[in-house]
Amino acid sequence: MSQTRMLSAEAYDAIDKEVAKYPPNRKQSAVMAALAIAQNELGWLSESAVEDVASYLEMRAIAVWEVATFYGMYNLKKPGRYKLSICTNLPCALQGANKTVDQLKALLGIDFNETDLDGLLTLKEAECMGACGDAPVVIINDREMRGKIGVEDVEKLLEELKAR
Amino acid sequence: MITLEIDGKKVEVDSGSTVMDAASKLGIHVPHFCYHKKLSIAANCRMCLVEVEKAPKPLPACATPATQDMKVHTRSEQAKSAQKGVMEFLLINHPLDCPICDQGGECQLQDLAVGYGGSGSRFEESKRMVGTKELGPLVSAAEMSRCIHCTRCVRFGQEVAGIMELGMVGRGEHSEIMSFVGSTVESELSGNMIDVCPVGALTSKPFRYAARTWELARRKTVSPHDALGSNLIAQLKGDSVIRVVPNENAEINECWISDRDRFSYEGLNSLDRLTEPMIKIDGSWEEVDWAVALDHIKEKFSTLNADPNRIGALSAPQATTEELYLFQKFIRELGSENVDYRLRQADCSNTGANALPWLGMSIGDVEKLDSILVIGSNIRKEQPLLAHRIRKAVNQNSASLALINPMRTDTLLTSAQEFTVSPSRVPIFMQQIVKAVSVQLGVEIPAAINHINVEPDAQKVADMLVVGKNKLILIGALSRHHPDRSKIEKISHILGDLVDAKIGLLSDGPNSLGAEATKNIPARSGLTAREMTANALDVYFLLHAEMGEDSCDPDVAIDALKSAKLVVAMSAFKDEVSNYATVMLPISPFSETSGTFINMEGKRQQFGPVAPAKGQSRPAWRLIAALGKLFGFGGFEYESIEKVREALRSVYDDLDANLRKKIDINEMPDALRPIEGIERFADVPMYSVDAVVRRAPALQSTKEAIRDYLWLGSDLSKELGAVNGDVVRVEQDGKHIELPAQIDVSLAGSVVRVPMTSNASKVIGGIGGPVQITKVASFEANV
Amino acid sequence: MITSNPPFSQDSYGPEAVIMKGVNGVNWQLAEYEKRGGYQALRKILSDEYSPGDVIAEVKKSALRGRGGAGFPTGLKWSFMPKGDGQKYIVCNSDEGEPGTFKDRDLLRYNPHIVIEGMAIAAYAIGASVGYNYIHGEIWEVYERFEEALEEARSAGYLGDKLLGSDFSFDLFAHHGFGAYICGEETALLESIEGKKGQPRFKPPFPASYGLYGCPTTINNTETFAAVPSLILGGGDAYLALGKPNNGGTKIFSVSGDVQNPGNYEVRLGTPFSKLLEMAGGVREGNRLKAVIPGGSSMPVLPANIMMSTDMDYDSIAEAGSMLGSGAVIIMDETRCMVRCLLRLSYFYHEESCGQCTPCREGTGWLYRLVKRIHSGLGEEGDIDKLLSLSDNIGGRTICALGDAAALPVKSFIEHFRPEFEYLVTHKESQIESK
Ligand SMILES: Cc1cc2nc3c(=O)[nH]c(=O)nc-3n(C[C@H](O)[C@H](O)[C@H](O)COP(=O)(O)O)c2cc1C
Ligand code: SF4
Ligand code: FES
């Protein structure tokens, strides 16, 4: 059991709030939320972060690890300042997502699952985000969705992120 | 009851049964991988797909409930095509490296592939590679590309071992079986994962590449390490046991065995085996013929002309009943009453009744208990599969469980209440329970404890014990070895009578009951094991006993033995006994002789030799019979083990009668005063219980085997200002040793753990008692 | 903050909209929902006129069918729940991940209270005291908005102890996913709420007898719940009349791909496909329609001619050889190479297989690699039949329907567009893209 906690007090408060959604003795139900909270604060889920969540929720580390590795949005490696996930599934592809992807790759000089040299941005290929009406769709750091990102919008988007 | 038809045959099954159950009942084999009768149903391999009439698609037999008038076809076109389709998928990413796979010849995938696989593969892509996983010294996961994702190993951990150490990590095709980054598997039952793995992904590390499975001879035997008596199959290449697997026995070990039972065989092949009779002449050892050795004993004996009262005989509970019977008979013929097997028992005083070391019930009935109180046992490590039955009682029968131990032992059950009580406080704690129970039941409080205070923890145990019907008070090895053992047992019996609980006594080795039955205990006038070693006698006979390891007070015992004039050690190993013996006689370990062990439920299990005797070694029963004849005693003419067994018949009748006898204890010991300062807790670690396991290298390289530390709780470590690795001096009975410190928060407050069978025990002695500790060097200075 | 999509006009979802009637992209809050008649249905059933059985009977009458994929009759599903006390759960499936589907997201961000109200009514009908809404992890802002809506409902007494002074108590919580399509499968979703990997359970037992935490549980799609308030207010018969027999009510279709105006359109079940296509502005750039996947990527693709003569309801689409599924209509025009389209879908199922059962774990990867091989011009004679045979070895043999979902597109793409596949195998280049 890890003795020192890794997250801020606010993060544990947020986890407690999640735990309260479920019946007593069902703390494990909050594991996905707890990992998302940890990721939001630390940027990614290191092994020690996983162990921390495990001990906080009284789970076996391997059980938390199973969850962390199963769901696609958990970062098991440290990403750049921004993780940009872009959907390339069929509906988005039909609306030109691949052109957007090519433009992103060209401007950043990276491929999927890579981080640019400035450490600004990690590019991720994603599956359907349930927003195909707004295709092409990207998500910034798991939480902020942008729709209709055509080739012509890529440069502006990158400028904006750099400026933040 | 439900009637259904499989492959045209009618069968009746209980409602709730699956199609697989029904097929098994008919003796119809439905191919499968993920299904395992002792594990939950996963239905993930899909190998068991069968055709069910009126169902639109094939259904998995393992998970499909049997329904009235269902018609199932396991070999129809639809069923076979489904099974073949699944087999094709299973093989596309499998390396098909059977020629170099340890599982080759006993692989379920290989067997079924012959029947269901296509001849060539339609898969032209490159195969998935899965990296090696490091799981520790026992289980090899070097070949994980062979894994077929049946999750049996994961379910075994969660459901049987009670601890999830492996998981299926990742998703889809990228799923891999592994432990959490950097963790090894540490369950005391981990080796069973090797058996449940249907392919060669998880294999035995010590066995790896030792042989092809078809070269092996297979012979049945019985575990020599604990009182459960797990049934084993020893597998041999040539003359050596090179693998041990479970022999299923629903009443005893089901289809499991502990790691100790599985991997200890390495000890049998140890280079330390004693293979020739040896006598010590002028301080050095000489190999001699049997005849010379025996004559030497006889001659030495007559020159010594020892007073029979100065002859001591120490047997170990690893000896067979046949050996034990002849051993005591020989000693008693010599005129001595000094014979004892209770080598680790510090307090051998009578409890006032004939309380035999047995479970008080059958092993299977443990699952049906409503409440269980364990006093002084790290149950998972002491009797691993009994602990499994207890987990079943709690998980499946909602039994309540409380434990009283010097440290939290982690039963893997969240509902268990564990009270950490320093060893010397155990008797008084139990008296408090008796008082609380008496109050609750409205019966008279025994006068001796009328004045004592009941702590809240004792009250909690009392609350648990007054409800429910089927109860067991289980007294473990820590209590059996306790300096106040007889008091703990007496109070337990009184408590058991009050709350109508059975009493179970767990003892050392596989055959304590055999030793009791054959009277390897001194009658009134004789000396106990501890008394025999407290002051030197002239002559000692040792049977399977290694007194530097097996004694409750090793340093004292070794001194006594060293100053004796004749020490005859009948042993399978030489190093330890050569320190104090004057004659070493090579005898067979359990694996090379016929014998009988009587397990904790009183069941007698006979076994034959699985391997030929090594070198000149011989079964001890033959040797003792020969000695008896040589000494001119009548009644030692046993030409076969059957003859010995005939003589044992009345012994067994007496035992059976005694097991059933009601034990009456009504005299409550006076209230006891615990030790004020720091006291020592000296357990026998799981992998040092006997001579064989102590010599098994793989087990000795597990974390569990580490014993040369001084463990202390966080309060004591703070008081002492000690951190892990600091050197601490510990003094007991005026003797002292320096040891590296390890902090263990599960220890009771004023307790330090210095285990038995450690180097320390040979210097400062054993059992419990007050100790002083001082820090002598800090870790940094040390390095 | 929800950054995408600006406010829009009130009839963006079409003139026949019932669920989305009056919704303009900004009026999602409680007060505005109440102004649109919100929570009247809940009030109606709680003011003693309705027993739980009455609610179920009304839903049965309406021929409301599940909007999540399988089109199972909702009233019937509710009636499977055991009667009597004991913990029961109601769960909303907002894990909208079926490629092409984006209606639940709009429901939750623009009209969240209608889902809450529908769930409360359903909870009353089946006797659940606690509910969870499992929201797709990718739409985080929507998850946060739904939490806000829950707070509003709680403070107004629509959730919590003794709703609106009745004896009925119900609380509802949001649970977010985090990137696993399979969690849309109802039992995987339950596992996920329990804090495990989202691996589907073998059925039987079905959730109605063994669901969340082993308790009886009803799971419906977001839109299914959203249909309930108006159904209750107007009555089952009126709701049925909106659609056609066995296909009651309106349905939100998510139209995507090669159309002028991709978006959600709510129309009566039975509306001709051609009309729906028209609402979405027709095929993009005046191109010719080639193929349509009418119910989300897991459903069989249909060629233009069949689609143009089909109506948008469960039975008509089934008759045409596909399924209405989640109502995601993916439009492909004449410029599209069908092998490339299938390649992307096969990649998806391969990526999203949970890995639990053999045919899906091993088979989806094999399918994908084989389609890829054909697409990249390395296909060999026999590969197309091998694809079909592998699909047969997956479909119907897995724990959950993802296996079928991976197999169906392969079979239907080849069935309707086999010459394109054959062309690629013989000519090593796409018949369409090389033009
Ligand atoms: C692989 C797979 C993915 C699914 N995804 C969804 C989904 O995203 N949303 C949904 O409502 N149902 C989904 N379903 C269907 C659900 O399992 C379930 O049938 C549905 O939620 C029931 O609700 P309904 O009766 O209201 O349609 C999926 C099924 C499968 C097999
Ligand atoms: S069909 Fe695929 S997704 Fe469904 S249980 Fe099997 S492996 Fe998992
Ligand atoms: S044995 Fe039935 S699915 Fe594996």
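The values are calculated or read from the model by the stated rules, or taken from the named source; none is laboratory data. Model, not experiment: these values are computed from the prediction. All Cβ positions, glycine included, derive from the backbone under ideal geometry; neighbour counts span all protein chains shown. To get the accessible areas, we keep the full protein, side chains included, count just its heavy atoms, and leave off ligands, DNA and RNA. Shrake-Rupley method; radii C 1.70, N 1.55, O 1.52, S 1.80 Å.
Does the stretch C:371-411 hold any residues that are closer than 18 Å to B:VAL86 by Cα, hydrophobic (A, V, I, L, M, F, W, C) and in contact with a Lys or Arg (Cβ under 8 Å, 6 or more places away or on another chain), and which are they? Correct list: C:LEU388, C:ILE399. Exactly one residue among A:MET59, A:MET32 is touching a helix residue (DSSP H, G or I) at 6+ places or on another chain (Cβ under 7 Å), within 14 Å of chain C (Cβ to nearest Cβ), in contact (Cβ under 8 Å) with a residue 24 or more places away in the chain and assigned to a helix (DSSP H, G or I), and that residue is A:MET32.
Of the residues making up the stretch A:107-118, not a single one is of a type outside the set (Asp, Glu), outside any loop (DSSP other than H, G, I, E, B) and under 29 Å from C:VAL255 (Cβ atoms).
For the subset of the stretch C:68-82 comprising residues that are more than 14 Å from every other protein chain (Cβ to nearest Cβ) and crowded, with 20+ Cβ neighbours inside 10 Å, which member is farthest from ligand 2 (Cβ to nearest atom)? Filtering the stretch C:68-82 for residues that are more than 14 Å from every other protein chain (Cβ to nearest Cβ) and crowded, with 20+ Cβ neighbours inside 10 Å, the one farthest from ligand 2 (Cβ to nearest atom) comes out as C:GLY75.
Examine the stretch C:183-199 for a residue that is more than 16 Å from ligand 3 (Cβ to nearest atom) and part of a strand (DSSP E or B), and state whether such a residue exists. Within the stretch C:183-199, not a single residue is more than 16 Å from ligand 3 (Cβ to nearest atom) and part of a strand (DSSP E or B). Criterion applied to C:ARG65, C:ARG145, C:ARG109 was being within 23 Å of C:TYR181 (Cβ to Cβ), within 12 Å of ligand 1 (Cβ to nearest atom) and either modelled with pLDDT under 95 or not acidic (Asp, Glu) (or both), and the one residue passing it is C:ARG65.
Restricting A:GLU125, A:GLU152 to those that are open to solvent by 60 Å² or more (accessible area, probe 1.4 Å), within 14 Å of chain C (Cβ to nearest Cβ) and over 25 Å from C:ARG145 (Cα atoms) reduces the list to A:GLU125. Could you pull out the residue among B:GLN110, B:GLN78 that is away from chain C (no Cβ under 14 Å) and either at pLDDT 95 or above or touching a helix residue (DSSP H, G or I) at 6+ places or on another chain (Cβ under 6 Å) (or both)? Exactly one of B:GLN110, B:GLN78 is away from chain C (no Cβ under 14 Å) and either at pLDDT 95 or above or touching a helix residue (DSSP H, G or I) at 6+ places or on another chain (Cβ under 6 Å) (or both), namely B:GLN110.
Of all residues in the stretch B:706-720, those that are open to solvent by 10 Å² or more (accessible area, probe 1.4 Å) and touching a Lys or Arg at 6+ places or on another chain (Cβ under 9 Å) total 3. If you check B:MET600, B:MET570, B:MET532 for being in a loop (DSSP other than H, G, I, E, B) and surrounded by 22 or more Cβ atoms within 10 Å (Cβ to Cβ), only one passes: B:MET600. B:GLU124 falls short on exactly one of the conditions (1) at the interface with another protein chain (Cβ under 9 Å from one of its Cβ atoms); (2) assigned to a helix (DSSP H, G or I); (3) exposed (fewer than 15 other Cβ atoms within 10 Å of the Cβ), and that condition is (2).
Residues that are away from chain B (no Cβ under 12 Å) and either under 19 Å from C:SER192 (Cβ atoms) or assigned to a helix (DSSP H, G or I) (or both) within the stretch A:38-48 comprise A:ALA38, A:GLN39, A:ASN40, A:GLU41, A:LEU42, listed in sequence order. Any chance you could count how many residues in the stretch C:357-391 are within 15 Å of ligand 2 (Cβ to nearest atom) and facing another protein chain (nearest Cβ under 9 Å)? Of the residues in that region, 11 qualify. Being surrounded by fewer than 21 Cβ atoms within 10 Å (Cβ to Cβ), without any contact (Cβ under 8 Å) to a residue 24 or more places away in the chain and within 14 Å of ligand 2 (Cβ to nearest atom): is that true of C:GLY396 here? Here the answer is yes, as C:GLY396 does meet what is asked. On the stretch given as the stretch C:83-123, residues that are within 14 Å of chain A (Cβ to nearest Cβ) and either acidic (Asp, Glu) or out of contact with any strand residue (DSSP E or B) (no Cβ under 9 Å at 6 or more places or on another chain) (or both) total 9.
If you scan the stretch B:81-96, which residues turn out to be open to solvent by 10 Å² or more (accessible area, probe 1.4 Å) and either touching a Leu at 6+ places or on another chain (Cβ under 6 Å) or without any contact (Cβ under 8 Å) to a residue 24 or more places away in the chain (or both)? B:SER81, B:LEU96 - these are the residues of the stretch B:81-96 that are open to solvent by 10 Å² or more (accessible area, probe 1.4 Å) and either touching a Leu at 6+ places or on another chain (Cβ under 6 Å) or without any contact (Cβ under 8 Å) to a residue 24 or more places away in the chain (or both).
Which residues, taken from the stretch B:25-65, are farther than 17 Å from B:GLN83 by Cβ and within 33 Å of the chain's Cα centre (by Cα)? Scanning the stretch B:25-65 gives B:HIS36, B:LYS37, B:LYS38, B:LEU39, B:SER40, B:ILE41, B:ALA42. The number of residues in the stretch B:494-520 being open to solvent by less than 40 Å² (accessible area, probe 1.4 Å) and under 29 Å from B:LYS298 (Cα atoms) comes to 6. Condition first: open to solvent by 10 Å² or more (accessible area, probe 1.4 Å), within 16 Å of ligand 2 (Cβ to nearest atom) and in contact (Cβ under 8 Å) with a residue 60 or more places away in the chain. Can you find one or more residues in the stretch B:41-59 that meet it? Yes, that holds for at least one residue. The combined condition, being more than 11 Å from chain C (Cβ to nearest Cβ), at pLDDT 95 or above and away from ligand 2 (no atom under 16 Å from the Cβ), is fulfilled by B:ALA66.
Can you tell which of B:GLN158, B:GLN108 is crowded, with 16+ Cβ neighbours inside 10 Å and over 29 Å from A:ALA68 (Cα atoms)?
B:GLN108
Counting only residues that are more than 10 Å from chain A (Cβ to nearest Cβ) and open to solvent by 10 Å² or more (accessible area, probe 1.4 Å), the stretch C:177-190 holds 2 of them.
Of all residues in the stretch A:78-91, none satisfies being in a helix (DSSP H, G or I), open to solvent by 10 Å² or more (accessible area, probe 1.4 Å) and within 8 Å of another protein chain (Cβ to nearest Cβ).
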